[in-house]
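Below: one structure, written as structure tokens.
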């Protein structure tokens, strides 16, 4: 079984909160009442969008193993407007503290159609514009997309994963899921 889930902002990519503090953070269990499925990969709490869940260990491994270089596509709202040269840096690979990134696919995009409101909304400043880029990577270093956009001088304001391999969000709203047979 494979579940395509649109993870809302501020939800952990796990079914239980194993933190030792008492923050009562929201988990997948509030949205996916399907037993014996586990996330194939992760999505940070402050990121939104596609999270795949499965009960199939081989499928989970094929999605998450770095050697398979499964492409992951993100819609990234950034502060300011990157130049063509700055986008080229993403395409060429960037030096981050933990090494070079594999070259990414990066292009400008319009704000996604039918984009849901985020709660809380992103911070906006009257004097600083924002723009959207579509970024596809084939690795998954910790907070990689955020670190990549910061490295070119355009911090991420909102991060939505739209696709992993051939699976995409489609018209799922935050908190909704569908089972793929």
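All of the numbers you see were taken from the coordinates with simple rules; none came from a lab. Treat the numbers as computed from the prediction; the structure is a model and nothing was measured. Here the Cβ is made from the backbone with ideal geometry for all residues, glycine too, and neighbour counts use every protein chain on show.
Under Stokes-Einstein, with the Kirkwood radius over Cα pairs as Rh, the value for segment 71-164 at 4 °C and 1.567 mPa s is 96 µm²/s. Distance between the 7 Å Cα→Cβ label points at residue 69 and residue 115: 3.0 nm. With the largest listed first and rounded to whole Å, the semi-axes of the equivalent ellipsoid of segment 1-74 from the Cα gyration tensor are 21, 14, 12.
Could you give the length gained by full extension between residue 102 and residue 18, i.e. 0.36 nm per residue of separation minus their alpha carbon distance, to one decimal place? Can you show the working numbers first?
Numbers: separation 84, 0.36 × 84 = 30.24 nm, distance 3.23 nm.
Gain in length upon complete extension: 27.0 nm.
Taking the chain, how much of its Cα-Cα pair set, in percent, is spaced more than 26 angstrom apart? The calculated P(r) of the chain puts 31 percent of pairs beyond 26 Å. Pairs of Cα atoms in segment 111-181 fall into 10 Å distance bins, from 0 up to the last occupied one, in shares of 13, 44, 35, 7, 1 percent.
As a length-normalised measure over Cα pairs under 8 Å and 6 or more apart, the relative contact order of segment 71-164 settles at 52 percent.
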